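Undergrad: Let me give you the structure first, and then I'll get to my questions.
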Amino acid sequence: MNNEKESDLQLELENRFLTYALSTIVSRSLPDVRDGLKPIHRRILYAMESIGLNATAKPVKSAKIIGEVLGKYHPHGDASTYESMVRMAQDFSMRYPLVDGKGNFGSVDGDAPAAYRYTEGKLTPITSYILNDLKKDTVEFRANYDNTLKEPVVLPSRVPNLLINGSSGIAVGMACSFPSHNLTEVMAALIAMIKDPDATVAQLMKHIKGPDFSGGGIILNSKAEIRSAYEQGLGAVKIRGEWKIEQLPRSKQQIIIYSIPYGVNKARLIEKIAEIIIAKKLPPLIDVRDESDENMRVVLELKSGASTEKIMTYLLRHTELENNFQLNFNCLKPTGEPARLSLKEICRNFLDFRKEVVTRRLEYELAILIKRLHILDGFVAIFSQLDKALKIIRSSKSKQEAHDKLKKGFKLDDEQVSAVLEIPLYRLVAMEVEKILEEQKKKSKEKKQIQTILNSDKKIWAGVQNELHEIDEKFGDKRRTKIKTIELVEYNAEDFIEHEDAYLVISKNGWLRKFKKVVEPNTLKYKENDSLLSTVKANTREFVAFFTSRGMVYVSKLYNLPYTRAGFGEPVQNLFKFADGEKVISMLSLDPAELAAGQIPPTEDSSNRSSSRQTRLSFADENKGGLEGMIIGSSGYGFRFPLSNLTETTRSGRKLMTLKGDDKIVGFSLVTGDHLFMASVNGKGIVIPVEQVSLLTGAGMGSRLIKLINSSLAGFKITSKNGHSTITFDDGKTKKINIKDIRVTNRGGQGIIISKRKKITAVE
């Protein structure tokens, strides 16, 4: 029984989730291939049309529109409903806006629109072609949410809205992303498909060259790439902003960016460029200004002689000035089924829908004509024997009696007789009778014409084609987005980085500071319960490594680390992806000159900085790959590794040492001597030859260097046999240890007692 209950519950949950998922897909997130609208957008347009907000009407408060939508058709949040209306009014979001918004409807800078009590709206002229024929039984209607009104299932759109305006949405397990296209190109493709129903995507692309975004830009994809995306209904287009060079007096230049990729926030783009300037990652670029009005104009101020091509190439690679737009043609088919369609299938479904709408409109108009002709036939029958009809009416004692006598005397039906009895007396004059006869003749001719069209698929398609031509003539425009293949200028990003020395200071709690000039670390202020951990010097183009308590190493170029303006610096956790509780335990400059400085004595002409640095660089080059580092954990395990292993990492870093349990890294050190001194917390010390420490080229635990019993490693130092070390006790006092006083043993021993009563906290 328990198994049956669990199975029933599982089945019920699966069914309910599936119902929810389908509801989300169908009723919220995906557009219909026929009118290109989601339910919320369709309801907004229908509500606006219902209260007479056409293109020639006076706009009304958006609050009234939102209230109309929520109260009658869409019982959801007002914020999301207003957001949908706002998007249909934004000319930078939609290629052909459907709502004519008055007031602040947001900007390409990401500014939020004003509240709906401050803005106004009405429909745009093109929207009338989406709503036309709505009252001619062209589409199905369904009950609204409370079954008090009817709303259209789909709008009888003459406009291929899904293609010209695009759409995006996320549903449960399904998403869509349609780019906008040029109306003239789409209409040409649709007409071509009417003429050749079997037209391929390649043939349609003779007309539709590719997406056409509202903000312009350049599409960099090849025709083959775009065709593949159109055929599969899935892919991506690469969009690049546009710029031009303006010449200034004294041979100076400035770059003017006048278009950016679709969906890119202009303000954030400018902020990113400003950050690059502040960080001096692009020295030839001096300043960035936004001089935009109704037209976009972002000014980049340059140094004299700067290479504009290299500067723009750098910005393309490091900002959103070049971006990708994902294509995902998921939408609802006429059956209500979600599916990913190709460009050909989208066009085919729209044309079939247009044929259906035109057919239903003609059938509706034919039915109205037939009904009117039927009434006119009754009028003509009466007018042919008017004296007889008048005599019957005058002799009748009641309206019903007259009705029955006329029906019998002239062989008319109830509808015809009722119309006759309602006709005003003035219509009986000869002129009015003539008008009725003329109307009968005209309507009979119209009836024949409609019947002829309905009996011919060719004539119906001709009508669809004429409508497409009409819309193209009224709303067609030139393509805004160019399609080109542009080769990038080759460059080295570091060409823009100035060669200069910089100094890093990091505290024990991970506050990192970067200075251009030498600073005395002890003069710096630190946060409460914080103090100096390490200082290093390096060239801006060289690497710096950070070793952490979790056995990780993070390696970055120095120029990627921000300069300190004021305060305590930048938390190193903001620069890298540290785990909880992870701390920096050591910092190392990988500048060859600085590494060499720690390996060889100063030259006789050390006063000459250039000569001294060159000597150290020569040494580093000769010994490349020969320098080693050592890392040891609190468990007493450790190993040596070549410094050549320390290559640039991502923000996530790289595992250097494998740790178990509560083990952590005690420290890192360059291998600058032949002996290793280690001290445990419980007061034991040991000296072993450095050569006995395992050399690893990858991550690992290494070998056990000291045997620890109920204790952990306090610290270590690499030195010579005649060197010394300073140990710090838990009471803050220190003691100098001569290494030669401790017998050298093999690795893995317990060591000798160097402190009986005090615990050791650090080794230097």
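The values are calculated or read from the model by the stated rules, or taken from the named source; none is laboratory data. Please read these numbers as outputs of a predicted model, since none were measured by experiment. FYI the Cβ positions are ideal-geometry reconstructions off the backbone, even for glycines, and counts take in every protein chain you see.
Undergrad: Counting only residues that are at pLDDT below 90 and among the β-branched types (Val, Ile, Thr), how many does region 616-642 have?
TA: 0
Undergrad: Across region 86-119, which residue is farthest from Ser62 (Cα to Cα) among those that are without any contact (Cβ under 8 Å) to a residue 40 or more places away in the chain and either assigned by TED's automatic domain parsing to the domain that holds Asn295 or part of a helix (DSSP H, G or I) (or both)?
TA: Arg87
Undergrad: Follow-up question, since we're still on this one. Which of the residues spanning region 572-607 are surrounded by fewer than 18 Cβ atoms within 10 Å (Cβ to Cβ), out of contact with any strand residue (DSSP E or B) (no Cβ under 9 Å at 6 or more places or on another chain) and either at pLDDT below 80 or of a type in the set (A, V, I, L, M, F, W, C) (or both)?
TA: Ile600, Pro601, Pro602, Thr603, Glu604, Asp605, Ser606, Ser607
Undergrad: Here's another thing I want to ask about it. Out of Ile226, Ile257, report the one residue that is more than 24 Å from Asn165 (Cβ to Cβ), surrounded by 20 or more Cβ atoms within 10 Å (Cβ to Cβ) and within 23 Å of the chain's Cα centre (by Cα).
TA: One residue alone meets the criteria, Ile257.
Undergrad: Let me ask something else about it. So, restricting to strands (runs of 3 or more DSSP E) that lie completely within region 650-721, which ones have at least 1 residues that are under 25 Å from Leu595 (Cα atoms) and among the basic types (Lys, Arg)?
TA: Here the list reads 713-719.
Undergrad: Any residue in region 144-162 that is small (Gly, Ala, Ser) and touching a residue at least 24 places away in the same chain (Cβ under 8 Å)?
TA: yes
Undergrad: Determine which member of the set Ser168, Ser222, Ser180 is out of contact with any Gly (no Cβ under 6 Å at 6 or more places or on another chain), closer than 20 Å to Lys38 by Cβ and not assigned by TED's automatic domain parsing to the domain that holds Glu83.
TA: Of Ser168, Ser222, Ser180, the one residue that is out of contact with any Gly (no Cβ under 6 Å at 6 or more places or on another chain), closer than 20 Å to Lys38 by Cβ and not assigned by TED's automatic domain parsing to the domain that holds Glu83 is Ser168.
Undergrad: Something else about it: Thr124 fails exactly one of the following numbered conditions: (1) out of contact with any helix residue (DSSP H, G or I) (no Cβ under 8 Å at 6 or more places or on another chain); (2) of a type outside the set (Lys, Arg); (3) within 30 Å of Asn328 (Cα to Cα); (4) at pLDDT below 95. What is the number of that condition?
TA: Single failed check for Thr124: (4).
Undergrad: Which number in (1) under 18 Å from Phe350 (Cα atoms); (2) assigned to a loop (DSSP other than H, G, I, E, B) marks the one condition that Ile191 misses?
TA: (2)
Undergrad: Does region 447-478 hold any residues that are over 24 Å from Leu366 (Cα atoms) and in a helix (DSSP H, G or I), and which are they?
TA: Let us first name the residues in region 447-478 that are over 24 Å from Leu366 (Cα atoms), namely 469, 471-478.
Of everything in region 447-478, those that are over 24 Å from Leu366 (Cα atoms) and in a helix (DSSP H, G or I) turn out to be His469, Ile471, Asp472, Glu473, Lys474, Phe475.
Yes/no per residue for (1) surrounded by fewer than 15 Cβ atoms within 10 Å (Cβ to Cβ); (2) modelled with pLDDT of 85 or more:
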| residue | (1), (2) |
| --- | --- |
| Tyr20 | yes, no |
| Thr24 | no, no |
| Asp32 | no, yes |
| Lys38 | no, yes |
| Arg42 | no, yes |
| Ile66 | no, yes |
| Leu70 | no, yes |
| Gly77 | yes, yes |
| Val86 | no, yes |
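Undergrad: More than 30 Å from His207 (Cβ to Cβ) and exposed (fewer than 14 other Cβ atoms within 10 Å of the Cβ) - does that describe any residue in region 356-367?
TA: Scanning region 356-367, I find at least one residue that is more than 30 Å from His207 (Cβ to Cβ) and exposed (fewer than 14 other Cβ atoms within 10 Å of the Cβ), so the answer is yes.
Undergrad: Between residues in region 707-722 that are farther than 11 Å from Ala762 by Cβ and residues that are crowded, with 21+ Cβ neighbours inside 10 Å and aromatic (Phe, Trp, Tyr), which pairs lie under 8 Å by C-beta distance while being six or more apart or on different chains?
TA: Pairs that qualify, where the first residue is farther than 11 Å from Ala762 by Cβ and the partner is crowded, with 21+ Cβ neighbours inside 10 Å and aromatic (Phe, Trp, Tyr), are Ile718/Phe677; Thr719/Phe677.
Undergrad: Can I ask one more? Out of region 728-751, which residues are over 60 Å from the mean Cα position of the chain (by Cα) and within 14 Å of Ser711 (Cα to Cα)?
TA: Gly751
Undergrad: Looking only at region 711-727, which residues are among the polar types (S, T, N, Q) and either closer than 22 Å to Gly638 by Cα or not assigned by TED's automatic domain parsing to the domain that holds Gln750 (or both)?
TA: Answer for region 711-727, where residues must be among the polar types (S, T, N, Q) and either closer than 22 Å to Gly638 by Cα or not assigned by TED's automatic domain parsing to the domain that holds Gln750 (or both): Ser711, Ser712, Thr719, Ser720, Ser725, Thr726.
Undergrad: Just the residues that are touching a helix residue (DSSP H, G or I) at 6+ places or on another chain (Cβ under 8 Å), part of a loop (DSSP other than H, G, I, E, B) and touching a residue at least 60 places away in the same chain (Cβ under 8 Å), please, taken from region 48-73.
TA: Leu53, Asn54, Ala55, Tyr73
Undergrad: State yes or no: is Asn645 out of contact with any Ser or Thr (no Cβ under 8 Å at 6 or more places or on another chain), surrounded by 13 or more Cβ atoms within 10 Å (Cβ to Cβ) and at pLDDT below 90?
TA: Numbers: out of contact with any Ser or Thr (no Cβ under 8 Å at 6 or more places or on another chain): no; surrounded by 13 or more Cβ atoms within 10 Å (Cβ to Cβ): yes; at pLDDT below 90: yes.
So Asn645 does not fit the description; no.
Undergrad: Something else: For region 304-329, what are the residues that are in a loop (DSSP other than H, G, I, E, B) and modelled with pLDDT under 90?
TA: Passing the criteria: Ser304, Gly305, Ala306, Ser307.
Residue-by-condition table, conditions (1) assigned to a helix (DSSP H, G or I); (2) farther than 30 Å from Leu327 by Cβ:
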position: Ser214; (1), (2): no, no
position: Gly263; (1), (2): no, no
position: Glu271; (1), (2): yes, no
position: Lys280; (1), (2): no, yes
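Undergrad: Do we find that Phe515 is surrounded by 18 or more Cβ atoms within 10 Å (Cβ to Cβ), assigned by TED's automatic domain parsing to the domain that holds Ile585 and at pLDDT 85 or above in this structure? Step through it out loud before you land on a result.
TA: Values: surrounded by 18 or more Cβ atoms within 10 Å (Cβ to Cβ): no; assigned by TED's automatic domain parsing to the domain that holds Ile585: yes; at pLDDT 85 or above: yes.
Answer is no for this residue.
Undergrad: Further question on the same structure: Could you check Leu670 against (1) of a type outside the set (Ser, Thr, Tyr); (2) closer than 16 Å to Leu588 by Cβ; (3) surrounded by fewer than 20 Cβ atoms within 10 Å (Cβ to Cβ); (4) under 42 Å from the mean Cα position of the chain (by Cα) and say which number it fails?
TA: Single failed check for Leu670: (4).
Undergrad: Moving on to the next point. If you take the residues of region 549-571 that are among the hydroxyl-bearing types (Ser, Thr, Tyr) and more than 30 Å from Leu659 (Cα to Cα), which of them is surrounded by the fewest Cβ atoms within 10 Å (Cβ to Cβ)?
TA: Ranking the qualifying residues of region 549-571, first place goes to Tyr563.
Undergrad: Now for a separate question. Can you tell me which residue is farthest from the chain's Cα centre (by Cα) among those in region 139-174 that are among the hydroxyl-bearing types (Ser, Thr, Tyr) and modelled with pLDDT under 95?
TA: Thr148
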